[in-house]
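Below is one structure, written out as structure tokens; comments come after it.
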Amino acid sequence: MTEMIQLKQMTKSYGSKVVLEHIDLAIPRGAIVGLMGPNGCGKTTMMKIIAGMINDYSGIVRIDGQPVGPHTKAVVAYLPDRTYLPQWMSAKQAINYMADFFKNFDKEKALVMLSQFQLDPAQKVKTMSKGMQEKLLLLLTMSRAAKLYVLDEPLGGVDPSARQFIMDTILNNRPEDSTILLSTHMIYDMERVFDYALMIGRKQVLLFDSVENLEAQGKTLNELFQEVFPYAG
Amino acid sequence: MLAKLLKNEFIQTGRMYLWLLGIGIVGGGLGALATMKPGSAEISLAQFFVGFLWNFLLILAASVLQTVGLIVTLVSTNRSLFSERGYLTLSLPVSTTELLLSKFVANVSFMLLNIAEAVALVYVAITNMIRLFKNAGDTLINNYGMQDFGDMFTAESLGLPSTGEWVRVGANALVVVFMFLVLAMTVALFVLTVSHVRPFQSATGFWIPAFIVACSLFCYFAVKQISDLLKLSVPLRFGGVFGDEVMKLNMTTAIVMVGLSIGFFFLTNWLMRRKISLK
């Protein structure tokens, strides 16, 4: 079995509104996959399902060959699009908390990254700026030697230099054989990084192919995105 | 993993309850100070009223602290499971059973501690008041020769229970309260979970309290009807704690309450595993 993520006939709806319908998808191990699509197309929903934040879907979802549960949560490092740490926690306490629960959490690495990010270990989350909180969450995620990283818009709302810094952090800290599923709207910036492009919209997977194959067609990801989502602007 | 969850839950819940428990201890201490008789000097009218008012407020505070404790517990549980912090909690490599169990144990433990403190506070406030009345009585007798009037202020004439009786009644109350607390907490966890499951996820205002009332009524009638049906009238006895008429708990009622608690727990667990959709 070579798939890290396997979805079979997966459907998710919010009330009467179907967001993802009969999705079939197999993402290979070790790949860096760019998840793209217009706003509201179900990118975050798909990531939440994979990370175990949403359970009320139909169909089959398997991560590392297992249904979503404690086992998959142990191997998936999830970075949501929001801050989730308790306000009273300090950066050091957050690191200790993660080290307590995740066997694959490298505390030493986290402390080194903390210093690289110029964050004060004693500083409480409530006194941190949004940017500092995002850095802390990123280092907590990337300090894990996970099999799968699910990163929901880690580049959203940051300036170009910070964008480069975040991407370097992600790429330099992940284990060689790990899989990354990263959602972004920064297609132009990320094109060189992705192994696979996954475009979802209109409740379906509209495109899933290796960037190599797509480039062989003589088109950039950005151009393909415009073709697949002509209405997306 | 359960041990780690429990450790973290006790730390997090303890942080909140530290304030409540601290307020109670400081309030009780100040109440004792306010009613102390300064040497052999007579107790003034102002001292009597300040001491009386403070200890009366202490009794009120005991019930307010319970309400605050309950609200804080529910809000915190809701936040840690279903709000933004839920993204951290639900990403942990633990089963939903372990997650719910740790919340349940930590919440019930601290609520019980809070109630125990409230019982102690009421005891302290009442003994403070008795001392205050006694001091007032002594002042009336010694300084003004009002023997008959002063006698009215003694503990004996007020007919208040002894310390031993207070401890026994308090212990009885805590055991009964514990049984109710177990059921109340499982119902609370159930209601919180249901409110984050479709189609109730967008329910607000009237519906959540209405659902809480409906669940409470269901529990009340289930406990009453099943107890009446089985008609097993065996009073519980815990080392002599239950043996008199004070807050006696029927064995059948206790069993039905435990059964309902287990039922609600498993239902909540199922919802958490199958139906949760974090916003």
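Matching residues to (1) out of contact with any Phe, Trp or Tyr (no Cβ under 7 Å at 6 or more places or on another chain); (2) at pLDDT 95 or above; (3) closer than 17 Å to B:MET185 by Cα; (4) buried (at least 18 other Cβ atoms within 10 Å of the Cβ):
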{"residue": "B:GLY86", "(1), (2), (3), (4)": "yes, no, no, yes"}
{"residue": "B:LYS103", "(1), (2), (3), (4)": "yes, no, yes, yes"}
{"residue": "B:ALA120", "(1), (2), (3), (4)": "yes, no, no, no"}
{"residue": "B:ALA125", "(1), (2), (3), (4)": "yes, no, no, yes"}
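Taken over region A:35-70, residues that are open to solvent by 40 Å² or more (accessible area, probe 1.4 Å) and within 7 Å of another protein chain (Cβ to nearest Cβ) amount to 1. Residues that are touching a Lys or Arg at 6+ places or on another chain (Cβ under 7 Å) and aliphatic (A, V, I, L, M) within region A:27-73 comprise A:LEU35, A:ILE49, A:ILE54, A:ILE60, listed in sequence order. Assess whether A:LYS8 counts as being touching a residue at least 24 places away in the same chain (Cβ under 8 Å), among the charged types (D, E, K, R) and open to solvent by less than 10 Å² (accessible area, probe 1.4 Å). In short, no. Scan region B:52-80 for residues that are away from chain A (no Cβ under 14 Å) and either hydroxyl-bearing (Ser, Thr, Tyr) or assigned to a loop (DSSP other than H, G, I, E, B) (or both) and jot them down. Residues satisfying the conditions are B:SER63, B:THR67, B:THR73. For region A:71-93, filtered to residues that are more than 9 Å from chain B (Cβ to nearest Cβ) and touching a residue at least 40 places away in the same chain (Cβ under 8 Å), the residue that is surrounded by the most Cβ atoms within 10 Å (Cβ to Cβ) is A:ALA91.
State which residue is surrounded by the fewest Cβ atoms within 10 Å (Cβ to Cβ) when the search covers only region B:9-22 and only residues that are in contact (Cβ under 8 Å) with a residue 40 or more places away in the chain and not β-branched (Val, Ile, Thr). Break it down into steps so the answer makes sense when it comes.
As a first pass, look at region B:9-22 and keep what is in contact (Cβ under 8 Å) with a residue 40 or more places away in the chain: B:9-10, B:12-14, B:16-17, B:20-21.
Then drop every residue that is not not β-branched (Val, Ile, Thr), which leaves B:9-10, B:12, B:14, B:16-17, B:20-21.
Working: B:GLU9: 22, B:PHE10: 16, B:GLN12: 17, B:GLY14: 14, B:MET16: 17, B:TYR17: 22, B:LEU20: 20, B:LEU21: 18.
Restricting to residues being in contact (Cβ under 8 Å) with a residue 40 or more places away in the chain and not β-branched (Val, Ile, Thr), the top hit is B:GLY14.
Scanning region A:94-108 for residues that are away from every other protein chain (no Cβ under 14 Å) and buried (at least 16 other Cβ atoms within 10 Å of the Cβ) yields one hit, A:ASP106.
Looking across region A:54-68, just one residue is at positive phi and out of contact with any His (no Cβ under 9 Å at 6 or more places or on another chain), and that is A:GLY65. Hey, among the residues in region A:11-34 that are small (Gly, Ala, Ser) and within 14 Å of chain B (Cβ to nearest Cβ), which one's least open to solvent (accessible area, probe 1.4 Å)? Top of the filtered list is A:SER13. Against the test of being under 25 Å from B:VAL194 (Cα atoms) and either in contact with a Leu (Cβ under 8 Å, 6 or more places away or on another chain) or surrounded by 18 or more Cβ atoms within 10 Å (Cβ to Cβ) (or both), the options B:LEU92, B:LEU58 yield a single qualifying residue, B:LEU92. Could you give me the residue pairs with C-beta distances under 6 Å whose first residue belongs to region B:265-279 and is facing another protein chain (nearest Cβ under 8 Å) and more than 10 Å from B:PHE190 (Cβ to Cβ), whose second residue is assigned to a loop (DSSP other than H, G, I, E, B) and open to solvent by 20 Å² or more (accessible area, probe 1.4 Å) wherever it lies, and which are 6+ apart or on separate chains? Taking only residues 6 or more apart or on different chains, the pairs are B:ARG274/A:ASN55; B:LYS275/A:ASP56; B:ILE276/A:ASN55; B:SER277/A:ASP56. The set of residues in region B:81-105 being away from chain A (no Cβ under 14 Å) and farther than 18 Å from B:PHE266 by Cα is empty.
Would you confirm whether or not region B:177-199 contains a residue that is exposed (fewer than 15 other Cβ atoms within 10 Å of the Cβ), over 22 Å from the mean Cα position of the chain (by Cα), within 14 Å of chain A (Cβ to nearest Cβ) and at pLDDT below 85? Among the residues of region B:177-199, at least one is exposed (fewer than 15 other Cβ atoms within 10 Å of the Cβ), over 22 Å from the mean Cα position of the chain (by Cα), within 14 Å of chain A (Cβ to nearest Cβ) and at pLDDT below 85, which makes the answer yes.
Checking A:GLN118 against (1) of a type outside the set (D, E, K, R); (2) under 21 Å from the mean Cα position of the chain (by Cα); (3) more than 9 Å from chain B (Cβ to nearest Cβ), which single condition isn't satisfied? Failed condition: (2).
Please enumerate the residues belonging to region A:113-132 that are assigned to a helix (DSSP H, G or I), polar (S, T, N, Q) and modelled with pLDDT of 90 or more.
So the first thing to find is which residues in region A:113-132 are assigned to a helix (DSSP H, G or I), and the list is A:113-116, A:125-127, A:130-132.
Next cut, polar (S, T, N, Q) only: A:115-116, A:127.
Across region A:113-132, the qualifying residues are A:SER115, A:THR127.
Exactly one residue among B:LEU260, B:LEU236 is within 23 Å of the chain's Cα centre (by Cα), open to solvent by less than 50 Å² (accessible area, probe 1.4 Å) and at pLDDT 65 or above, and that residue is B:LEU260.
The values are calculated or read from the model by the stated rules, or taken from the named source; none is laboratory data. As the structure is a computational prediction, the values presented were derived from the model and not from experiment. Using ideal geometry, Cβ is built from the backbone for each residue, glycine included, and neighbour counts are taken over all protein chains shown. Only protein heavy atoms, including side chains, enter the accessible area calculation; ligands, DNA and RNA are left aside. Shrake-Rupley method; radii C 1.70, N 1.55, O 1.52, S 1.80 Å.
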